[in-house]
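This report concerns only the one structure given below.
Derivation of every value follows stated rules applied to the coordinates shown; laboratory data play no part. Just so it is clear, the model here is predicted, and its values are computed rather than measured. When we count neighbours, we look across all protein chains shown, and the Cβ atoms used for this are built from the backbone with ideal geometry, even at glycine.
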Amino acid sequence: MPQFREFFRGMPQQQQPQQRPPTERGLGSGVIVSADGTVLTNHHVVEGAEKITVEMNDNRTYEAKIVGSDPPSDLAVLKIEGQNLPFLNLGNSDNVRVGDIVLAIGNPLGIGQTVTAGIISAKGRRTGLSNGSFEDFLQTDAPINRGNSGGALVNLSSELIGINSQILSPSGGNIGIGFSIPSNMAKSVMEQLLKDGKVRRGMLGVDIQSITPDVAKSLDLKDNKGVIVSNVRAGSAAEKAGVKRGDIIVAINGESIEDGNVLRNKVAATQPGSQVKLRILRDGEEQELDATLDEFAAEGVKPDDANQENQREEDKSDQNGKLGLSLQPLTSETARRLGLPSDTQGVVVTEVDPNGSAAAAGISEGDVILEINRQAVKSLEDVQAALAKSGDRPILLLISSKGRTAYLTIRPQ
């Protein structure tokens, strides 16, 4: 099964005699972007390194110091002591077009500087591998392999348009699907690391989802542009601006939002404390809201995916039919057991028909349904009433699962 892989991994030296512990060494690539020795590379290339040596193509070597590293973007800035060094100018990655010819430069598998050619296959890709998910990758089919991480993606004008970062491969070798961090993102991160040693990002404080055709149909939308807000965090910039769960964000500062990744990156690229103008769709009406962004803080802790033991209550009401679920009202005791506030209102899933549409949509035992077709549900009667109004349209559910809320749709059985 194909997996996203970072190019660089520590490559252990051949085993030494047992009385001496083996030394871990690794190889990666980088790009000199100024004559005085500023180097761009990947965070995962230098992460945990005790000593970094930069080797030039003419066999000159330099000791490098880490100026700053940014895990959310997988970028790092190094400094070597040198003058009049050869360097690449940063190009404008926004001007890159699908089909443009590009060159990938790096040190694959430690064999030495290598140049390969290909095209830009796609823009705006997200793989979900980088910490923080601030991803806007250029996809290329230029052959790149392990050791290319941090290397240059160059256009035919000899401008740096990307930093090679990831590949999609079942084996770890090149199959023509590689991903590079756009130069505009790299430039922003580099400038902040050089100035302050850290990167500051704006935060709106919402959980969002792209709008699928089924969601658009269930909400009677004309198209699936924009993103739907599945949760607004208490005290956040979004809450203060008046954003509500179920709102559809269609534009920020006049720029249309095509999907959640676009909104996330636009907000992150804006400095905390800045004011942004949101255009939202609420109950079929467009509104404009002004929000003053908070500052994003990388938590470094992933959501707990451990399975929670869910006790079944003896009195179940079988709702198999449209949903393919067995449900019961959520009690305060059950809410606490599921890690939810005790005053949460909804209905808890006690059984899922493995052959039903709910199972196909990813609903699991222990999930809590908060809304059906934008109507809050806290009893089985509420569920039946909401379902009766859905007709043959896809059913829109707001689900709380393992501490996260999200909208999803189910087609009636």
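With a simple spin-label model that places each label point 7 Å from the Cα along the Cα-to-Cβ direction, the separation between Thr53 and Asp94 comes to 4.2 nm. Pairs to check: Lys123/Lys198; Lys187/Lys266; Lys198/Lys266; Lys123/Lys187; Lys217/Lys389. Give those whose C-alpha atoms are more than 20 Å from each other in this structure. Cα-Cα > 20 Å for Lys123/Lys198; rest within. Over the range 202-295, the ratio between the Cα radius of gyration and 2.2 N^0.38 Å evaluates to 0.99. Towards the positive end of the charge dipole of the chain, with charges on Cβ (+1 Lys, Arg; -1 Asp, Glu), say which of Thr350, Leu193, Gly151 has the farthest Cα. Of the listed residues, the answer is Gly151.
Taking amide H as placed 1.01 Å from N in the peptide plane, the amide H of Ile161 sits under 5 Å from that of Gly91, Leu153, Val154, Asn155, each at least 5 places away or on another chain. Pairs of Cα atoms nearer than 8 Å and 6+ residues apart set the relative contact order; for the chain it is 11 percent. As a proxy for reagent exposure, Ile111, Ile410 were ordered by neighbouring Cβ count within 10 angstrom, fewest first; the result is Ile111, Ile410. Each 10 Å bin from zero up to the one holding the largest Cα-Cα distance in the chain carries the following percent of pairs: 4, 19, 24, 22, 17, 10, 3, 0. Taken over the alpha carbons of the range 342-413 as equal point scatterers, the Debye sum produces base-10 log I(q)/I(0) values at 0.11, 0.14 Å⁻¹ of -0.23, -0.39. Based on DSSP H segments of at least four residues, each scored -39500 (n - 2.57), the chain has a per-residue ellipticity at 222 nm of -3500 deg cm²/dmol. Between Thr212 and Gln375, the modelled labels are 2.2 nm apart [label points 7 Å from Cα along Cα→Cβ].
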